Amino acid sequence: QVQLVESGGGLVQAGDSLRLSCVASGRPFSTFAMGWFRQAPGKEREFVAAIRWGDNINIVDSVKGRFTISRDNAKNTVYLQMNSLKPEDTAVYYCAARRTLYSPISVYPINYDYWGQGTQVTVSS
């Protein structure tokens, strides 16, 4: 089955940047819609961004203009570029894959089929 492995998290100061990566294996990566979710302590998992192909992207309003999602199908990798980080961005960030590439992008975790282990992002003031 599909395996997803995230990397790139860490401890940064407000205003810094990070780039998260998620590498997929086990299935043809180009046929999946890919998404990023985050979960802060005591809160539910929250949609951040998703991509089906280069010009089909959705980004949550709270990070729009600061975060960008992209994918490199040749490397089986999806990225989340995070700029101007704020303390409220602190969370575990999860990579997710959805097999229904030609369905509209979903913001709901239940619609995604595969998940990575998560990577911690901590932003200090």
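The table below lists the values:
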quantity: Gyration tensor verdict on region 79-125 (Cα atoms; rounded if a/c is under 1.5, prolate if a/b is larger than b/c, oblate otherwise); calculated: prolate
quantity: Sparsely packed GluC sites (Glu not before Pro) within region 21-122, loop by DSSP, other Cβ within 10 Å at most 11; calculated: Glu44
quantity: Around Arg99: net Lys/Arg minus Asp/Glu count, Cβ-Cβ under 9 Å; calculated: +1
quantity: Gaussian network model of the chain, springs between alpha carbon atoms under 10 Å - residue of Ile57, Ile110, Ile69 with greatest fluctuation; calculated: Ile110
quantity: Of all accessible heavy-atom area on the chain, the percent that carbon and sulfur account for (1.4 Å); calculated: 48 percent
quantity: Bridge type composition, the chain - antiparallel percent by DSSP, nearest 5; calculated: 90 percent
quantity: Candidates Pro109, Pro87, Pro41: whichever shows maximal mean-square fluctuation once the chain is modelled as a Gaussian network with Cα springs under 10 Å; calculated: Pro41
quantity: Cα gyration tensor shape for the chain, rounded if a/c is under 1.5, else prolate or oblate; calculated: prolate
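The values are calculated or read from the model by the stated rules, or taken from the named source; none is laboratory data. Note that the coordinates shown come from a computational prediction; the quantities given were computed from them, not determined experimentally. Cβ atoms come from the backbone with ideal geometry, glycine included; neighbour counts cover every protein chain shown. SASA here: full protein model, heavy atoms, side chains in, ligands and nucleic acids out. Shrake-Rupley method; radii C 1.70, N 1.55, O 1.52, S 1.80 Å.
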